[in-house]
């Protein structure tokens, strides 16, 4: 299954050993991860601004993520869907990558639950979904 892990999930996976880290490792082995330069750029900026990574450290972290992901260009949405227009790029990434789901902690995305056949799940909901399907 093709999956988009949202920026917040990927950052959590990079900075802490926990649910998101385990989810990233699992998805690398069991699914096809899809991302975009938009998401990777958000990660790079957040690592430097919020977590005080050097530019080199942030670039290396993003390069590591890229090795296990398919990179697509987000498909523009015909009308804005989310309150935060940046979130439309997450949905556009999932559409462009023909993904089945987006895993996110972003409440503005989670409230949608689905968009054009794409499930929008929290990390915990994703794990429950996986447990039912194994």
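The values are calculated or read from the model by the stated rules, or taken from the named source; none is laboratory data. Keep in mind the model is a prediction, meaning the values are calculated, not measured. FYI the Cβ positions are ideal-geometry reconstructions off the backbone, even for glycines, and counts take in every protein chain you see.
List of remarks:
- Counted residues, the range 91-114 - those being closer than 21 Å to residue 71 by Cβ and either surrounded by fewer than 19 Cβ atoms within 10 Å (Cβ to Cβ) or out of contact with any helix residue (DSSP H, G or I) (no Cβ under 9 Å at 6 or more places or on another chain) (or both): 6
- When the range 36-52 is filtered for residues that are within 18 Å of residue 67 (Cβ to Cβ) and without any contact (Cβ under 8 Å) to a residue 60 or more places away in the chain, the ones remaining, listed by number, are 37, 39, 40, 41, 43, 44, 47.
- The set of residues from the range 1-19 being assigned to a helix (DSSP H, G or I) and either touching a helix residue (DSSP H, G or I) at 6+ places or on another chain (Cβ under 7 Å) or under 12 Å from residue 103 (Cα atoms) (or both) comprises 7, 8, 9, 10, 11, 12, 13, 14, 19.
Conditions (1) over 11 Å from the mean Cα position of the chain (by Cα); (2) closer than 22 Å to residue 92 by Cβ, marked per residue:
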site	(1), (2)
9	no, yes
14	yes, no
21	yes, no
31	yes, yes
38	no, yes
50	yes, no
56	yes, no
71	yes, yes
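- Residue match in the range 20-33 (condition: closer than 23 Å to residue 107 by Cβ and assigned to a strand (DSSP E or B)): yes
- Those residues of the range 45-54 which are under 27 Å from residue 111 (Cβ atoms) and surrounded by fewer than 12 Cβ atoms within 10 Å (Cβ to Cβ), in sequence order: 49, 50
- Residue within the range 76-87 that is closer than 14 Å to residue 3 by Cβ and in contact with a strand residue (DSSP E or B) (Cβ under 9 Å, 6 or more places away or on another chain) present: no
- Some residue of the range 69-86 being modelled with pLDDT under 95, part of a helix (DSSP H, G or I) and surrounded by 15 or more Cβ atoms within 10 Å (Cβ to Cβ): no
- Looking at 57, 42, just one residue is modelled with pLDDT of 95 or more, exposed (fewer than 15 other Cβ atoms within 10 Å of the Cβ), in a helix (DSSP H, G or I) and out of contact with any strand residue (DSSP E or B) (no Cβ under 6 Å at 6 or more places or on another chain), and that residue is 57.
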